[in-house]
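After the structure tokens below, expect a handful of questions from me.
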Amino acid sequence: MHIIESGNVAAAIGVKLSRAQVIAAYPITPQTPLTEKLSEFVESGELEAEYIPVESEHSAMAVCIAASSAGARAFTATSANGLLYMVEQLNWAVGARLPVVMCVANRGIGAPWTVWNDQQDTISQRDVGWIQIYANDHQQIIDSVIKAFKLAQTVSVPVMVCYDGYLLSHTYMPFEQPEQKKVDAFLPAFAPKHFLDPENPGNFNTVTLPDIRPDVDGNMAPGYIEIRHNLQEDLRAALDTYVTIDNEFEKEFGRGGNPFIEEYRCDDAEFVAVCIGSLSYQLRDVVDIMRDDKVKIGVMGVQMYRPFPDQAIVGALAGKKCVIVFEKALSYGNQGALYADIKSALYSSEKKPRVHNYILGLGGREIKTQHLLDALAQSCTSPDTFGDSPRWIGLKL
Amino acid sequence: MEKATTILNLTEEEFVHPGNRACSGCGLSIVYRIGLKALGKDTVLVVPPSCLTVLQGLYPVASTKLPCVNVTFASTGAAATGVRAAMRALKKNNVNVVAWAGDGGTGDIGIQALSGACERGEDIIYICYDNEAYMNTGVQRSGTTPQGVLTTTTPIHGKLQEKKDVPSIIAAHKIGYVATASAAYPLDLYDKVKKATTISGPRYIHVHTPCPPGWNFDPRYTIKVGKLAVKTGLFDLYEIENGVFKLTGASHYLLGKTRLPVSEYFSTQGRFKSLDAEIVKKVQQQVDAKWATY
Ligand SMILES: Cc1ncc(C[n+]2csc(CCOP(=O)(O)OP(=O)(O)O)c2C)c(N)n1
Ligand code: SF4
Ligand SMILES: [Mg+2]
């Protein structure tokens, strides 16, 4: 069934279809309508779940962490400062290997206060170990939420589903609402091996020493560094797992493809514009205009940022003449984080393209199609004249 | 009222393994052992960083025979909420969800999450062992450190401010059960924890917990020091059940009797070394005034 709803509601329906059992959240623009919708689902009985109206985001994630440790499927959502307020908890959730799923409606970070969209909030959290999926439209939001629950519990790592605040969270688009029956077939109940259980007591997240150590039976247990190494290995393996899950999803629902990148007119392209999020769809218009002028250009949206799908990205970009990375976030004092990651992924490839970096749209600054066109025209006409520091688009200095 | 538990009928079942990592004479190890006996097997514990984290052992060895989740420092009340929510969602009833935290984890960094849980009426038991400082990090002042106490962050003059009254703050949330207890009166503690398990909604027990290295006294005097806090009227054993306050046990016994002077308590511990006579006098007056209201 196709419906027309906001991105936040698409996410909420995805959570409902995934039968989340414990939901805890705290209001923050532009995520708020998502949790309002979920509380409505729970109060009306449409969704059989516990909804905990916590007093902060730190507590929201605490509830999710604890509920997940006890064996329940847990969900929360936030934006910007709310995400940053839970940073300690983000790290805890991943260290404890809990399959919590969280939606983030991307928003700029204060100070100064801004409620408008950029992606500094989630990009700044790329190193904590959460899987990060970015949706470009409402269909991808609802589908990604459902896939995220499956991925999270398969690899025991929490997953963030991110989408642009306002641009997606508050706009209305038609999308197909998956059938509950099919979602149930696709997404099995959460049944962890270890959970808080008086019948089989265990001590979770115990102080762990630098070195390995025998248990009471003399078997060696890992030290902290082994546990962290396992996390890294599992995150890298999660790339393949996600492909499998995406294929299963396609079989059930008919929507699939490459789950890491979304390419548009890239096949014969010499130039590829790259970005994360809804901007990639705006860039399609620009690419169409430039194609009319015979510029061989395409656009690639990056849909999973962590673990970094380097193979997919190198496969798509190696051999191109120039790759132009547009970012609504910045690793302050250096460059765009995606730009740096892409350069590093391409470093060992034989046919290295030039790579350019543009910063734009911070704090919701309007991104004009003309600006994108001008930037791409510059990159395409003189790809060799760019330095390594990012250029900013639309600045009014 | 139920008959008070005595040493003759106290359950022999133990939930804490011997040989854990608490210091000798640790008040917490008494409180923990007795508290777990009262809670029994069907219990899930939620523990923030504190001396209890250490007492529980180092991976892969644990000193507690109950399921326990270690959580972040500020999140105890919310984490207990999450365990309970999961238990409800999974239709597992008859499990005690018990948060067990130090005074710093309760009255300072964790007070927001605890207040939220109390306001929401979460079905949890929250036990705060009050050793009156951040002991795990090496005896820094906390909100519940009494006035005049030497800590590593009040090293010369002692703490300037008075002790934060955490149980009263929690009682202001109008939850069904608030009680205080002391490591020096384990059976009183046992009965209060036991009673808490029979009530639903948020329940809060604040336990005065002597700490030999943190308070600077000989480990053999843990019980003596704890009892003196009660007998001088400094720390009172009470219950507030559905808003009704009553002194219990040794504190109730003190009603109408002469209490020991507070100076007697102060003189047992090195942490009060720099107390001047002015403060001792002021504290005595405060205690007398408080008791005049009982
Ligand atoms: C967010 C955060 N800040 C600081 C710490 C360091 N820390 C660990 S335990 C502790 C003190 C605990 O004091 P209390 O709750 O009174 O328990 P006690 O150690 O006295 O048993 C501190 C400050 C931490 N683990 N997390
Ligand atoms: S420092 Fe005090 S509370 Fe902590 S283990 Fe030692 S005696 Fe117990
Ligand atoms: Mg303490």
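What FRET efficiency comes out for the pair A:Lys321/B:Lys65, r = Cβ-Cβ distance, R0 = 51 Å, nearest 0.05?
Once rounded, the FRET efficiency stands at 0.20.
Starting at the first residue of segment B:149-164, write each ³J(HN,Hα) from the Karplus equation 6.51 cos²θ - 1.76 cosθ + 1.60 with θ = phi - 60°, in whole Hz, x for Gly and Pro.
6, 7, 9, 6, 10, 10, x, 10, 8, x, 5, 7, 9, 7, 5, 6
Here's something else I'd like to know. Rounded if a/c is under 1.5, else prolate if a/b beats b/c, else oblate: with a ≥ b ≥ c from the C-alpha gyration tensor eigenvalues square-rooted, which is segment A:1-107?
The shape class here is oblate.
Another question, if that's okay. What residues have an amide H closer than 5 Å to that of A:Asp164, excluding those fewer than 5 places away on the same chain, when H is modeled at 1.01 Å from N in the peptide plane?
For A:Asp164, the qualifying residues are A:Asn106, A:Ser278.
Further question on the same structure: Non-local amide H neighbours of A:Ala221 (under 5 Å, H modeled in plane, Pro and chain starts lacking H): which ones?
So A:Ala221 has HN proximity to A:Arg213, A:Asp215.
If you don't mind, another one. Counting other beta carbons within 10 Å of each Cβ, put A:Ile297, B:Ile199 in order, fewest first.
Lowest to highest Cβ neighbour count: B:Ile199, A:Ile297.
As a check on your grasp of the helix formula, calculate [θ] at 222 nm for chain B: sum -39500 (n - 2.57) over DSSP H runs of n ≥ 4, divide by the residue count, round to the nearest 500.
That calculation yields -10000 deg cm²/dmol at 222 nm.
Mind checking the angle between helix B:76-89 and chain B's longest principal axis? C-alpha axes, 0 to 90 degrees, to the nearest 10.
20 degrees
Among B:Thr5, B:Thr43, B:Asn136, pick out the residue whose Cα is farthest towards the positive end of the charge dipole of segment B:5-140, where Lys and Arg carry +1 and Asp and Glu carry -1 on C-beta, about the Cα centre.
The residue sitting most towards the positive pole is B:Thr43.
Let me ask something else. I need the shape label for segment A:261-392. Rule: rounded when a/c is under 1.5, else prolate if a/b > b/c, else oblate, with a, b, c from the alpha carbon gyration tensor.
Here segment A:261-392 falls in the rounded category.
Additional query: Within a 10 angstrom radius of each residue's Cβ in B:116-122, how many Cβ atoms of other chains show up on average? Whole number is fine.
Average per residue, whole number: 3.
Something else: Over segment B:51-119, what is the relative contact order in percent, taking alpha-carbon pairs closer than 8 angstrom and at least six residues apart?
39 percent.
Oh, and also: List the lysines whose Cα lies under 25 Å from the Cα of A:Lys37, skipping any in the same chain that are fewer than 8 positions away.
Cross-link targets: A:Lys16, A:Lys147, A:Lys150, A:Lys181, A:Lys182, B:Lys91.
Check the straight Cα-Cα distances from B:Lys194 and name the lysines below 16 Å, setting aside those fewer than 8 residues away within the same chain.
Qualifying lysines at Cα under 16 Å: B:Lys3, B:Lys37, B:Lys41.
Give me the distance in nm between label points sitting 7 Å out from Cα along the Cα-to-Cβ direction at A:Asp268 and A:Asp184, one decimal.
The two pseudo-label positions are separated by 5.0 nm.
Please list the equivalent ellipsoid semi-axes of the protein assembly as shown, computed as the square roots of five times the alpha-carbon gyration tensor eigenvalues, in descending order and whole angstrom.
Equivalent-ellipsoid dimensions as semi-axes: 55, 26, 23 Å.
Right, something else. Considering the dipole of segment A:261-392 built from charges on the beta carbon (Lys and Arg +1, Asp and Glu -1) around the Cα centre, which of A:Val272, A:Tyr305, A:Gly315 is farthest to its positive end?
About the Cα centre, the residue reaching furthest to the positive side is A:Tyr305.
Quick one: Debye curve from the alpha-carbon atoms of chain A only, equal weights, vacuum; give me log10 I(q)/I(0) at q = 0.07, 0.08, 0.11 Å⁻¹ to two decimals.
At q = 0.07, 0.08, 0.11 Å⁻¹ the computed log10 ratios are -0.32, -0.42, -0.79.
A further question follows. Compute the semi-axes of the equivalent ellipsoid of segment B:27-291, taking the square root of 5 times each eigenvalue of the Cα gyration tensor, and list them largest first in whole Å.
Equivalent ellipsoid of segment B:27-291: 30, 20, 17 Å, largest first.
What percent antiparallel are the DSSP beta bridges of segment A:2-186, to the nearest 5?
Rounded to the nearest five, the antiparallel share is 20 percent.
Ok, one more. What order do you get for B:Val71, B:Val283, B:Val139 when you list them from fewest to most C-beta neighbours inside 10 Å?
B:Val283, B:Val139, B:Val71
Given N residues in segment A:56-103, what is its alpha carbon radius of gyration divided by 2.2 N^0.38 Å?
Normalised Rg, Cα atoms only: 1.00.
Rounded, prolate or oblate for segment A:2-186? Axes are the square roots of the Cα gyration tensor eigenvalues, ordered a ≥ b ≥ c, and the cut-off for rounded is a/c under 1.5.
Rounded shape, in that the Cα axes give a/c under 1.5.
Could you state the angle between the C-alpha long axis of helix B:111-120 and the longest principal axis of the C-alpha atoms of chain B, as a value from 0 to 90 degrees rounded to the nearest 10?
Computed tilt is about 50 degrees.
If a helix is a whole DSSP H run, which ones in chain A reach 24 Å or further along their own axis (Cα) and hold a mean Kyte-Doolittle hydropathy of at least -0.5?
Once both thresholds are applied, what remains is A:138-155.
If amide hydrogens are placed 1.01 Å from N in the peptide plane, which non-local residues have theirs closer than 5 Å to the one on A:Glu50?
A:Val22, A:Ile23
In what order do A:His371, B:His208 fall by count of nearby beta-carbon atoms within 10 Å, going from fewest to most?
With the sparsest Cβ surroundings first, the list reads A:His371, B:His208.
Using a Förster radius of 60 Å, what is the FRET efficiency between B:Asn93 and B:Ser274 based on their Cβ-Cβ separation? Nearest 0.05, please.
So the FRET efficiency works out to roughly 0.70.
While we're on this one: With θ set to phi - 60°, apply the Karplus curve 6.51 cos²θ - 1.76 cosθ + 1.60 along segment B:203-218 and write out the HN-Hα couplings as whole Hz, x wherever there is a Gly or Pro.
Using θ = phi - 60°, the values come out as 10, 10, 10, 10, 10, 5, 9, x, 9, x, x, x, 9, 6, 9, 5 Hz.
Shifting gears a bit: Considering only DSSP beta bridges with both partners in the protein assembly as shown, what is the antiparallel share in %, to the nearest 5?
25 percent
Given R₀ = 22 Å, what would the calculated FRET efficiency be for B:Glu13 paired with A:Asn200, taking r from the Cβ atoms and rounding to 0.05?
The formula returns an efficiency of 0.80 here.
Taking every DSSP beta bridge that has both residues in segment B:27-291, what percent is antiparallel when rounded to the nearest 5?
Around 25 percent antiparallel, to the nearest 5.
For the pair A:Lys396 and A:Asp234, how long in nm is the line joining their label points, each one 7 Å along Cα→Cβ?
4.9 nm
What percent does the relative contact order of segment A:1-129 come to when contacts are Cα pairs within less than 8 Å and at least six residues apart?
Relative contact order here is 24 percent.
Another question, if that's okay. Determine the relative contact order of chain B: mean sequence separation of Cα pairs under 8 Å and six or more apart, normalised by residue count, in whole percent.
Once normalised by length, the contact order is 17 percent.
FYI, it's all coordinate maths here, none of it is from the lab. Just so it is clear, the structure is predicted and the values come from calculations on it, not from any experiment. Cβ atoms come from the backbone with ideal geometry, glycine included; neighbour counts cover every protein chain shown.
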